[in-house]
Amino acid sequence: MNYELKHISEEEFSLAHHRLEQATILQSYQWGEIKTGWQSLPFGFYANQKLIGTVLILKKQLPLRQSFFYIPKGPIMAYEKETVTGFVKELKRIAKEHHAVFVRLDPPILRSAFKMDEKPVISNQGKVQNLVDAGFEHEPLTLDLHATIQPRFQAVVECKEYQLQRLTKKGRQGVQTAKKRGVELEMCGVEKVAIFAELMKKTAERKGISLRNEAYFRKLLTVYPDSFLIVGKINPGKRRQAVQRLLAENQQAIANLAENQTKKKNKLVETKHSLEKELAQLEQDITIHGEKERYISGTLTVPYGDTCELLYAGMDEAFKHYMPAYYTWYESIVQAGKKGYSYCNLGGIDGHLNDGLIQFKKNFQPLICEYSGEFNLRTSNWLIYKAVKKAYQVKMRG
């Protein structure tokens, strides 16, 4: 069998990529436009001149005319022994042409897929071994969310006909609380990107981390035109009027009760206390933030293949008691299903499955998808490879 990697056009690449199983956004032709600071190298993978796969290689330039190749969630191909061997031979040829010191591969090979209450069953070890036999060094598996370029563990939801009953009790309560407290949602696009970017800025400041800026989000929404934002907003002044009206109606209902209607009175008194508590919170919010309409949560979702990737989510922490995140995330999943997609990827999680991120995401009852991790292929002098790899590892830890 004669294997070959050849440059192909965007149209050829995209048509082939969408026909292949395991097509991922990180291997889409357009991802090369998103990754500034990297050169994008899109190839078709041929066997006896028949296109059998695609690969998007990201090239990072290094000093002294050297470079580094990274293949995120690819290549998209069958990981059979002969195919992998043919691919590696061609990959080494391309690497030599670009003076690549080594190639880091993050293939779309699932190691396990399980529900939170299930025990993982390991699979696809044969595909992993085929990569090792072809010359790849398999990096040690890690549970740490940030130890690899892409998270090894991701939370994925089947989103067709997704309904509120699919959430946990806590998740359902979160969505219902948001609705009850007057959170309204808008599905929009690039016209609201500045609002979304401001929410992401607040999130970054709260977590003490660096996140993407408005220009990056604008590029995502432009490069992937089917992308969408879901933003949640409140109108504290309007909600205060509604609560005051409900409270007056409640007090009148209590006054109209007969003395023997104890059970009904207890229920109305409980509602009264709840409304008074909400009104007090509203008064506090209005004193600090004003009574005008404001946006308090948002998600950015990018559809690709059969999956919608919920890539970014932000919230104004000052209004977390409105539970807006539950509502915006839930609606993002619902809209993904309505658009005909099979899955909604809620993003990376820590493999220990005990951090705050998974505590929130598990309310949507996701499938936990564990991938097989990262692989390195040396394509240069051993000493140069060791030095560059060491520098790369130090940068990752930093």
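Every listed requirement among (1) within 20 Å of residue 371 (Cα to Cα); (2) open to solvent by 30 Å² or more (accessible area, probe 1.4 Å) is met by residue 295 save one, (1). Within the range 238-266, residues that are in contact (Cβ under 8 Å) with a residue 12 or more places away in the chain have Cβ atoms under 6 Å from residues that are of a type in the set (D, E, K, R) in these pairs: 243/278; 250/272, counting only partners at least 6 apart in sequence or on another chain.
From the list 16, 23, the one residue that fits, being of a type outside the set (S, T, N, Q) and surrounded by fewer than 20 Cβ atoms within 10 Å (Cβ to Cβ), is 16. Of the residues making up the range 86-97, those that are surrounded by fewer than 19 Cβ atoms within 10 Å (Cβ to Cβ) and touching a strand residue (DSSP E or B) at 6+ places or on another chain (Cβ under 8 Å) are 89, 90, 92, 93. In this structure, is residue 43 part of a strand (DSSP E or B), over 30 Å from residue 308 (Cβ atoms) and open to solvent by less than 20 Å² (accessible area, probe 1.4 Å)? Against the criterion (part of a strand (DSSP E or B), over 30 Å from residue 308 (Cβ atoms) and open to solvent by less than 20 Å² (accessible area, probe 1.4 Å)), residue 43 does not qualify.
Table: residues versus (1) in contact with a strand residue (DSSP E or B) (Cβ under 6 Å, 6 or more places away or on another chain); (2) of a type in the set (S, T, N, Q); (3) surrounded by 22 or more Cβ atoms within 10 Å (Cβ to Cβ).
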position	(1), (2), (3)
311	yes, no, no
328	yes, yes, yes
334	no, no, no
338	no, no, no
348	yes, no, no
353	no, no, no
357	yes, no, no
362	no, no, no
370	yes, no, no
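Summed over the range 1-40, residues that are aliphatic (A, V, I, L, M), touching a strand residue (DSSP E or B) at 6+ places or on another chain (Cβ under 6 Å) and part of a helix (DSSP H, G or I) total 3.
The listed residues are 172, 218, 212, and the only one of them that is outside any helix (DSSP H, G or I) and surrounded by 14 or more Cβ atoms within 10 Å (Cβ to Cβ) turns out to be 212.
The values are calculated or read from the model by the stated rules, or taken from the named source; none is laboratory data. Note that the structure is a prediction, hence the values are computed from the model and not measured. All Cβ positions, glycine included, derive from the backbone under ideal geometry; neighbour counts span all protein chains shown. Note: accessible area is taken over every heavy atom of the protein model, side chains too, but ligands, DNA and RNA are not part of it. Shrake-Rupley method; radii C 1.70, N 1.55, O 1.52, S 1.80 Å.
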